[in-house]
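Structure record follows, encoded as C-alpha cells.
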C-alpha cells in the first residue's frame with residue numbers, strides 16, 4: 001500500500017476549484033530528491049489560479065505551491081551533491097529542455113519548454129514534493145523555513161531590480177503595486193541605492209503600504225486619494241522617476257508608469273495581467289523610455305539571494321504575516337487576496353522545523 005500525504009490541489013479550471021486532498025507520496029527518479037516540505041509560501045499566482053483569473057496554462061489536477069524549501073527525505077541514485085537531512089530551497093523551473101540556447105547558456109528561465117511547480121507539475125503545498133537535483137540550493141541552519149520559503153520571490157525581485165533595471169544611488173524609484181513582489185522590489189531598490197523610493201497602492205493595501213515604509217520606502221501613496229502623476233512631479237526636478245517598476249500588472253499601472261517615468265528613464269514590468277493595453281504607447285516613444293520585461297531567475301540569482309537572506313541583508317519581518325499548517329490554506333489565500341496578510345507561509349509538516357516559529 002502506498003504511503004499517503006495531504007496536499008492543496010487545484011482540480012479544475014473554474015473559480016474556487018481548490019481543496020485539501022489525500023494523495024500518494026510521489027516516487028522519485030534517479031536524478032531527483034523527495035523533499036519533506038518545511039515551508040511553502042502563498043504566491044499571488046496561487047490565488048489567481050484559485051479564482052481562475054490566471055493568464056498562463058495550468059495542468060489540472062495539480063498540487064499548488066512553487067515557493068518552498070525543506071529537508072531532503074530521500075535522494076535518487078544519481079544525486080551527487082545532496083543527501084538525506086540536508087536543508088534546501090528549490091528553484092521553480094521544474095521542467096526544462098536542457099538543449100535550447102537558453103538552457104545551454106544558463107538562462108533556462110527563458111526556455112520555451114519550461115514548466116514550473118504548481119501549474120505544470122505538482123508543487124509543494126503538500127507534505128512531500130519531488131524535485132530535480134539541479135533545482136536545489138543548500139541553506140544554512142540559521143535560516144528558518146518560514147523565511148527560506150520566500151527565496152523565490154526574493155529572486156524575482158533581485159532579477160527585476162538588480163539585473164534587469166538600471167538604478168544608480170540617489171535615483172528616484174516608484175514601485176506600483178505593494179504586493180509581495182512589489183515590496184521585495186522596493187527593498188531591492190533600497191539596497192541598490194534608491195534615494196526617493198515611492199510605493200503606490202490603493203486603500204485596501206493600507207497594511208502593505210505600512211510594510212513598505214518599514215522596508216525602507218520614503219513614501220507610501222494611496223492612489224485613490226492622491227494624484228500620483230502630480231505627486232511624482234513634486235519630487236526632485238519634477239521630470240519624473242528614473243525607474244518605475246510595474247508590479248501590479250493591470251494595464252492602468254503600465255499607463256501610469258509611462259506617465260511618471262522621466263525622459264530617458266526605464267519602466268520594468270514584472271507584474272502579470274491579461275488585459276489589453278487600451279492606450280497609446282506614443283509617450284514611450286516621445287520620452288525615449290526603455291520598457292523592460294522581467295521574468296523568473298537563474299542559478300546565480302539564487303546563490304546571491306540565499307546569502308542575502310542568511311545575513312539578513314534582506315528583511316522579511318514586515319512581509320511574513322502568518323505561518324500555519326495546510327489545513328488553514330483557505331484563510332491564507334483569502335487573507336492575501338483581501339490584503340489582510342502581506343505574505344502567508346504554509347508549514348505542511350506542522351512545525352517540522354523548530355526554527356519556523
All helices (runs of 4 or more DSSP H) inside the stretch 79-162 with 3 or more residues being modelled with pLDDT of 95 or more and surrounded by fewer than 23 Cβ atoms within 10 Å (Cβ to Cβ): 101-104
Take the conditions within 17 Å of the chain's Cα centre (by Cα) and on the phi > 0 side of the Ramachandran plot and apply them to residue 317. Does it pass? no
Output the number of residues of the stretch 1-19 satisfying the condition of being in a strand (DSSP E or B) and under 23 Å from the mean Cα position of the chain (by Cα). 6
Looking at 265, 293, which is the one that is at pLDDT 95 or above and under 18 Å from the mean Cα position of the chain (by Cα)? 293
Return only the number of the condition from (1) under 25 Å from residue 156 (Cα atoms); (2) at pLDDT below 95 that residue 221 does not satisfy. (2)
When the stretch 20-46 is examined, which residues are found to be at pLDDT 95 or above, within 15 Å of residue 65 (Cβ to Cβ) and not in a loop (DSSP other than H, G, I, E, B)? 20, 21, 23, 35, 36, 37, 38, 39, 40, 41, 46
Considering only the stretch 347-356, I want to know if a residue exists there that is farther than 30 Å from residue 51 by Cβ, touching a helix residue (DSSP H, G or I) at 6+ places or on another chain (Cβ under 6 Å), in a loop (DSSP other than H, G, I, E, B) and modelled with pLDDT under 95. yes
How many residues are more than 18 Å from residue 29 (Cβ to Cβ) and under 18 Å from the mean Cα position of the chain (by Cα) if we restrict to the stretch 71-103? 2
The condition of being in contact with a helix residue (DSSP H, G or I) (Cβ under 9 Å, 6 or more places away or on another chain) and under 22 Å from residue 153 (Cβ atoms) holds, among 339, 278, only for 339
Selection from the stretch 255-272 of residues that are assigned to a strand (DSSP E or B) and touching a helix residue (DSSP H, G or I) at 6+ places or on another chain (Cβ under 7 Å): 267, 268, 269
From 244, 232, residue being in a strand (DSSP E or B) and in contact with a strand residue (DSSP E or B) (Cβ under 7 Å, 6 or more places away or on another chain): 244
Of the residues in the stretch 195-216, those that are within 22 Å of residue 308 (Cα to Cα), assigned to a loop (DSSP other than H, G, I, E, B) and either out of contact with any helix residue (DSSP H, G or I) (no Cβ under 9 Å at 6 or more places or on another chain) or without any contact (Cβ under 8 Å) to a residue 40 or more places away in the chain (or both) come to 195, 216
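The values are calculated or read from the model by the stated rules, or taken from the named source; none is laboratory data. All values derive from a computational prediction rather than experimental measurement. Cβ atoms come from the backbone with ideal geometry, glycine included; neighbour counts cover every protein chain shown.
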